[in-house]
Amino acid sequence: METLKLNLSRTLGFISPAEISALKPEMERYNRMLHDKTGKGNDFLGWVGLPSSITASQVEEIQDAAHGLASLAEVVVVIGIGGSYLGAKSVIEALSDSFEMLKAQRTAPLVLFAGQNLSEDYMCELLDVLKNRSIAVVVISKSGTTTEPAIAFRIFKAEIEARYGKAEAAKRIVAVTDANRGALRTLATQEGYKTFVIPDDVGGRFSVLTPVGLLPLAAAGIDIRDLVRGAVDMEKATCPDAPFEANPAMQYAAARNALYRKGRKVEILASYEPKLQYIAEWWKQLYGESEGKEGKGIFPASVTLTADLHSMGQYIQEGERMLFETVIHVEKSSHSVMVEPDPANLDGLNFLVGKSLTEINHKAEEGTAMAHVDGGVPNLRIELPRIDAYTIGALLYFFENACGISGYALGVNPFDQPGVEAYKKNMFALLGKPGY
Ligand code: PA5
């Protein structure tokens, strides 16, 4: 499997191999608990065996629905928030051309997002840009009652019905929601929308490999078969029978918990590929919502480098030493740009002639890792051979599995999010919702 490797060599000055090995029994027990469903939150462990349980006919049904939307619309608006948004957004960003939006020739509809905020400007500007483009909507909400996507869907339902009439609107709207419960399920049944089910035992932030992620990705023209294949291979590589030493998820969970126990309270996920910026946003939700409770948890932060070396670099190098850094290294890029000679050499860069941007980027990465380690920041490195659907599928499952293990190592239930309700209660009271 040419997918993902974890390199802990730059953590050695901070945690010893013996300290990592000492955590082996603990990590093995927690991984086993995930698979045996014997730990906290065990009614939300449907994601554990999810990749290998996805059938060809499920994938086909998703592809068919995506093709149906693509045949009707230039733009598919995906409505959702949190776990019903970040998985699809992050994979589309990772696997699409960076300037997809400006491309004249498209083979798949453009996928845009709504319902992930309450900004009036965002909504108006989105509606405005869609005025002369044909549209379809994928509305995603497990509960079916989340305020942000529910408001956005109310607006888009009205827009689609006004444009195409109610019968045609029903062909242009697909709902992804609970099998039986919730306002969205009721509405979808009433209006005759095509629907996909979010399994009961898969929480929002672990749902990227369900139709929550797969339908928008298929609509964007992404090869979801390859994505699932990568996740299946990672499911095998991280199973409880895979030896601790060769199990990247258990190694990652062990290293980050060893560091946390030594006072490293903030983990920065760093990448030198801007395409991975939203993977970091997805990761922040996964780890933040899973671990941040009961006064515990590693705070997940992220940077995109080298850009953020010119903004956050100072703090990482010399600020408070409660950080560690996990770098996603990408070995090969998909394109080639070389530095060409310039006879005047006013910028003094002729020493780089013949080098590709990737070679330079890799040296920047190596130099930064050395500097950060010297500055007292342990560095973990996740190594990807390249960015494609297969490796991203593997990366997603790797992070999910390690997150479950890490949450158990912290002693929390990694699969609930009771704290998320607090803002909602205040907001509803302030807005005068009956009963609040
Ligand atoms: O991880 C989670 O559970 C949350 O982020 C939810 O996905 C998010 O709040 C959206 O919920 P819903 O899908 O019910 O609209």
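Structure notes:
- Extension gain, Lys262 to Ala179: 0.36 nm times the residue separation minus the Cα-Cα distance gives 25.4 nm.
- Against the criterion of solvent-accessible heavy-atom surface with a 1.4 angstrom probe, Cys403, Cys124, Cys239 sort, most first, into Cys124, Cys239, Cys403.
- Compared with the alpha-carbon gap, the fully stretched path from Val353 to Phe428 is longer by 21.0 nm at 0.36 nm per residue.
- Highest mean first, the peptides 423-434, 194-205 sorted by other C-beta atoms within 10 Å per residue fall in the order 194-205, 423-434.
- DSSP beta bridges in the chain [antiparallel fraction, %, rounded to 5]: 10 percent
- Peptide ranges 115-123, 370-378 listed from the most packed, as the mean C-beta count within 10 angstrom indicates: 370-378, 115-123
- Viscosity 0.692 mPa s, temperature 37 °C, Stokes-Einstein D of the range 129-182 from Kirkwood C-alpha radius, µm²/s: 277 µm²/s
- Accessible area of the chain belonging to carbon and sulfur atoms, whole % at 1.4 Å probe: 55 percent
- Straight-distance crosslink candidates among aspartates and glutamates, where the alpha carbon sits under 18 Å from Lys103 and sequence neighbours closer than 8 are dropped: Glu74, Glu93
- Taking every protein chain into account, the accessible area of the chain amounts to 45 square angstrom per residue (probe 1.4 Å).
- For the range 284-436, the Cα-based Rg and Dmax, in that order, read 21.4, 74 Å.
- Fraction of antiparallel bridges per DSSP, the range 50-227 only, in percent to nearest 5: 0 percent
- Considering every alpha-carbon pair of the chain, the percent of pairs per 20 Å bin, from zero through the bin containing the longest distance, is 24, 54, 20, 1.
- For Lys425, the lysines whose Cα comes closer than 21 Å to its Cα, not counting residues fewer than 8 places off in the same chain, are Lys142, Lys293, Lys433.
- Among Leu34, Leu69, Leu349, the largest mean-square fluctuation in a Gaussian network model of the chain (Cα springs under 10 Å) belongs to Leu349.
- Helix axis angle, 357-374 relative to the chain longest principal axis, alpha carbon, degrees: 60 degrees
- Straight-distance crosslink candidates among aspartates and glutamates, where the alpha carbon sits under 12 Å from Lys171 and sequence neighbours closer than 8 are dropped: Glu161, Glu191
- Per residue Cα convex hull volume in Å³ - calculated over the range 50-227: 110 Å³
- Stokes-Einstein D (µm²/s) once Rh is taken as the Kirkwood radius of the range 1-123 over alpha-carbon pairs, at 10 °C in 1.306 mPa s: 82 µm²/s
The values are calculated or read from the model by the stated rules, or taken from the named source; none is laboratory data. Please read these numbers as outputs of a predicted model, since none were measured by experiment. Virtual Cβ from ideal backbone geometry, glycine too; neighbours counted across all protein chains shown. Ligands, DNA and RNA are stripped out before the accessible areas are found, and what is left, the full protein with its side chains, is counted by its heavy atoms. Shrake-Rupley method; radii C 1.70, N 1.55, O 1.52, S 1.80 Å.
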